[in-house]
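Following: one structure in structure tokens, then a few remarks.
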């Protein structure tokens, strides 16, 4: 995935996260401050925060140990920092995970 499409995908993903979060936060699509390798860095002032987003270089879906075709959205790893709190790492797997089911 090239940097422009990564930026677009990251921006769309962040907007989707903001749209489903409480309170709803508007995303400024011009808040990209840097790119480094596979990471894109964003910043905002109100509230003061910054976050980095990256997509996997590859992904293999399996079922019962065998490769499987799946219909999923974008996979992303996020690292965010907000003033006055510790950093946070989050993950979007491209589809909702089953509740109350242990990871393997």
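The values are calculated or read from the model by the stated rules, or taken from the named source; none is laboratory data. All of these numbers come straight from a predicted model, not from anything done at the bench. For neighbour counting, all protein chains shown are included, and Cβ atoms are generated from backbone atoms with ideal geometry for every residue, glycine included.
Does residue 102 satisfy being at pLDDT below 90 and either loosely packed, with under 10 Cβ neighbours inside 10 Å or over 20 Å from residue 43 (Cα atoms) (or both)? Yes, satisfied. Inspect the stretch 64-73 for any residue being touching a strand residue (DSSP E or B) at 6+ places or on another chain (Cβ under 7 Å) and at pLDDT 70 or above and give the result as yes or no. Scanning the stretch 64-73 turns up at least one residue that is touching a strand residue (DSSP E or B) at 6+ places or on another chain (Cβ under 7 Å) and at pLDDT 70 or above. Number of residues in the stretch 88-100 that are within 10 Å of the chain's Cα centre (by Cα) and assigned to a loop (DSSP other than H, G, I, E, B) equals 2.
The residue that is surrounded by the fewest Cβ atoms within 10 Å (Cβ to Cβ), among those in the stretch 88-99 that are without any contact (Cβ under 8 Å) to a residue 60 or more places away in the chain and within 23 Å of residue 33 (Cβ to Cβ), is 89. Filtered by the rule that a residue be surrounded by 10 or more Cβ atoms within 10 Å (Cβ to Cβ) and in a loop (DSSP other than H, G, I, E, B), the stretch 33-87 gives 38, 55, 56, 59, 61, 68, 70, 72, 73, 74, 75, 87.
Among the residues making up the stretch 55-77, those that are without any contact (Cβ under 8 Å) to a residue 24 or more places away in the chain and closer than 17 Å to residue 89 by Cα are 56, 75.
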